[in-house]
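The values are calculated or read from the model by the stated rules, or taken from the named source; none is laboratory data. Everything numeric here is computed off the predicted structure, so don't read it as measured data. Because the Cβ atoms are built from the backbone with ideal geometry, glycine has one as well, and the counts that use them run over all protein chains shown. When the accessible area is computed, the model is the full protein with side chains, heavy atoms only, and any ligands, DNA or RNA have been set aside. Shrake-Rupley method; radii C 1.70, N 1.55, O 1.52, S 1.80 Å.
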Amino acid sequence: MALKLPIYFDHAATTRCDPRVVEAMLPYFSDKFGNSSSRNHKFGWESEDGVELAREQSAALIGANPKEIIFTSGATESNNLAIKGAAEIYAKAPAGQTGRGHIISAIHEHKAVLDPCKRLQREGFEVTFLAPGTDGVITADMVAAAIRPDTILVSIMWANNEIGVINEIPQIGKLCHDKEIVFHTDATQWVGKMPTDVERDHIDLLSWSGHKIYGPKGVGALFVRRRKPRIRLEAIIDGGGHERGMRSGTLNVTGIVGFGKACELCQHEMEHERERLVKFRRKLETELSRRIEVTQVNGHAEKRLPHVTNISFGFVEGESLMMGVKDIACSSGSACTSASLEPSYVLKGLGVGDELAHSSLRLSLGRWTTEEEVDFAIEQIVAAVEHLRLMSPLFDLHKEGIDISKIQWQAH
Amino acid sequence: MAYSDKVVDHFQHPRNVGSFGTSTDVAKRNDVGVGIVGAPECGDVMQLHIKVNEQGVIEDAKFKCFGCGSAIASSSLATEWLKGKSVDEALTIKNTQIVEELSLPPVKIHCSVLAEDSIRAAIADYRKKNGMVADSATHAATH
Ligand SMILES: Cc1ncc(COP(=O)(O)O)c(C=O)c1O
C-alpha cells in the first residue's frame, strides 16, 4: 500500500477527529440545535440528553461520577479553573494580602499550568516549582519534601507533553489526601491513552482535552471531586450559572457530544491501541539508537506514555532536522522552532544540555499510525541525520576526539 | 513557517560543504583562514575555511554548519559569493545582502549575521597567520 505523505507523527500536539466522533456530532449542528438549558421544549431536551450522555461517557473514562464533570473549552481553561479556582477558595488570607498560601507545581509543566501559578504568585501566594530528576519524573518524595503547613494545592501533570514521562500520580494523590491538600493533575496527555481511576488514585481535580483524544478542538473537561472531600472552586467565568455555577456560558453542545463520543471510543480501544503503539515506539527508539551514534532518548526509559518519544541526535540542530525529514510532521525542542529562541524549557528542566535540547525531535504516534509509516520514518530520519552530520562542524570535532563542551565558544 | 525556495535549495544541495583539513591541520596552514562563530548551546555554529592565493584572492571556500535551515543556506551562499573575490572585496559582503538573496524572515536575520561574522573571522585568521593587521571585528572561537 502506498504511503500517504506527509506522515503525521505529532499526535501529542493534536489528533485528527475520529470519523465516528464527527458522525455523532453532525446532528447537533443542524436538527438538534437546541440550547441544553432550554427546559421547556423538545429542542432543549434533545440537546440536554446529548450533553448528559457525554457527561456519562467522560466520567466513565476516568472512574468518576457524571455529576463531577464540568465541561470547558479545553485543558487550558480546565487548568486555569482548577488552579485559580481552588487557590481562591482555599486561600489562607483574603485577596490583596500576602501569605495567602503555598502551592506546589513543577518547572516542566505545560504553560497552561505554569502561567496560572505565576499569576497566583503575583497575587500573594507562594509557589514551589519542583525540578524533576534527570529521568524527568516527579516523585511523591519530592512533593512530600516540599509540603509546608500552609500548602493548599498541589498541581502535577500526569504525563509530560514533550517527553511523555509519567509522574508518580497515585502516590502523590495519596500523599495529598493524607495531608488534606487539594490535588490537581493536568492529565491532557494521559487520559484516553492509559486507564484512569480518580477514586483509586486520590485525584481531586483532573483536566483533559478533546483534541488530544481524537475529539474536536475547543472542548475539554475538568473533574471536580464531590465527596471525600468535596472540592469547591471559585468560578472564573461568571454568568448564567451553568455547570454547577463553575463555568457559565451556553454549552458547546456539539463539541461536548463529540468529546463524550471520543471518550467512549478511547475507553473501548485503549488497551489494544496501547499495545500497538508501545511496539511502534520501541521500534523507533531501538532502531534509531542502533543505527545512529550519539543518540539519546530523553526521559525515563519505562515510565512513559505508549505513544510519545523524544530523541536527541547529537551534532545536528532540530529545526534543520525537521526540514530534512520533510515527509514527517513532528516537533522539536530546538529554539528555532519557538518564538522565544530558547531551547525547550522541559528538556532543560531535566538537565538535558542546551546543545542536545537543540538536537531533539518529538515523535508522537496515534490511532492510525501504521508499521509502514514507522519504518519509513526511521529511514528518513537516518538519512537526514547523515546528511546533516556531513555538514556539521561539531560532528567533525567529535570524530577528531575533541570534547565540544571543553571548547570556549563565542556565544552571541 | 515556510522557507523560501532558495533556502530549501541550499539546504538540500549545499554548495561547498567541507573543510581544508582537520582543525589541527588548518591551524598550521598559512594559506587557509578559519572562522568559527556561534555556539552549540545557542543552536548555531558556523565554520568557514577560505583558501587564499598569493595574489590575495579567495580561490576556494568550504563551510560546515550546525544550525537551522536558514543558517545552513546563509553559509552555503557565503561560500559561493566568496570564491574569486579578493580578501578586501570579501569584507564588503553584508548580512543584509544575504537576507535579501535568501528572503530570510526577521527571526532568521541572526543567521545572516553569523555568516557575515564567519567571513570576518576567517579573514582575520588568514591575516593574522600572515602577519597582516587583523580586522578588529573578529568573533573567532578559541580552543
Ligand atoms: C499537558 C497539556 N496541558 C494543556 C494543554 C492545553 O490544552 P488545550 O489545547 O485543550 O487548551 C496541552 C496541549 O497543548 C497539553 O499537552
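Of the numbered criteria (1) under 25 Å from A:A357 (Cα atoms); (2) outside any helix (DSSP H, G or I), the one B:K108 fails is (2). Filtering the range A:75-109 to residues that are within 16 Å of the ligand (Cβ to nearest atom), open to solvent by 50 Å² or more (accessible area, probe 1.4 Å) and either within 20 Å of A:L222 (Cα to Cα) or part of a strand (DSSP E or B) (or both) leaves A:T76, A:K84.
In the range B:90-111, the residues that are under 24 Å from B:K51 (Cα atoms) and without any contact (Cβ under 8 Å) to a residue 60 or more places away in the chain form no Cβ pair under 9 Å with any partner that is surrounded by fewer than 16 Cβ atoms within 10 Å (Cβ to Cβ) and among the hydrophobic types (A, V, I, L, M, F, W, C), whether six or more places apart or across chains.
Whenever a residue of the range A:25-45 is more than 11 Å from A:V253 (Cα to Cα), its partners that are open to solvent by less than 80 Å² (accessible area, probe 1.4 Å), lying with C-beta atoms within less than 6 angstrom and at least six residues away or across chains, give the pairs A:S38/A:G44; A:F43/A:G34. Anything in the range B:12-34 that is of a type in the set (V, I, T) and surrounded by fewer than 17 Cβ atoms within 10 Å (Cβ to Cβ)? List them, or say none. Answer for the range B:12-34, where residues must be of a type in the set (V, I, T) and surrounded by fewer than 17 Cβ atoms within 10 Å (Cβ to Cβ): B:T22, B:T24.
For the range A:1-36, the set of residues classified as away from the ligand (no atom under 16 Å from the Cβ), open to solvent by 50 Å² or more (accessible area, probe 1.4 Å) and part of a loop (DSSP other than H, G, I, E, B) consists of A:M1, A:A2, A:L3, A:K4, A:L5, A:P6, A:S30, A:D31, A:K32, A:F33, A:N35, listed by residue number. Residue check: is A:G258 under 20 Å from A:T15 (Cα atoms) and within 12 Å of the ligand (Cβ to nearest atom)? Here the answer is no, as A:G258 does not meet what is asked. Of the strands (runs of 3 or more DSSP E) lying entirely inside the range A:284-381, the ones with 3 or more residues being surrounded by 19 or more Cβ atoms within 10 Å (Cβ to Cβ) are found at A:308-313, A:360-364. Restricting A:G349, A:G318, A:G314, A:G333 to those that are over 19 Å from A:A13 (Cα atoms) and within 14 Å of another protein chain (Cβ to nearest Cβ) reduces the list to A:G314.
Within the range B:27-59, the set of residues being within 12 Å of chain A (Cβ to nearest Cβ) and either at pLDDT 95 or above or within 15 Å of the chain's Cα centre (by Cα) (or both) comprises B:V34, B:G35, B:I36, B:V37, B:G38, B:A39, B:D44, B:V45, B:M46, B:Q47, B:L48, B:H49.
Each residue in the range A:158-203 was checked for being touching a Phe, Trp or Tyr at 6+ places or on another chain (Cβ under 8 Å), in a helix (DSSP H, G or I) and either open to solvent by less than 10 Å² (accessible area, probe 1.4 Å) or among the hydrophobic types (A, V, I, L, M, F, W, C) (or both), and 4 of them qualify.
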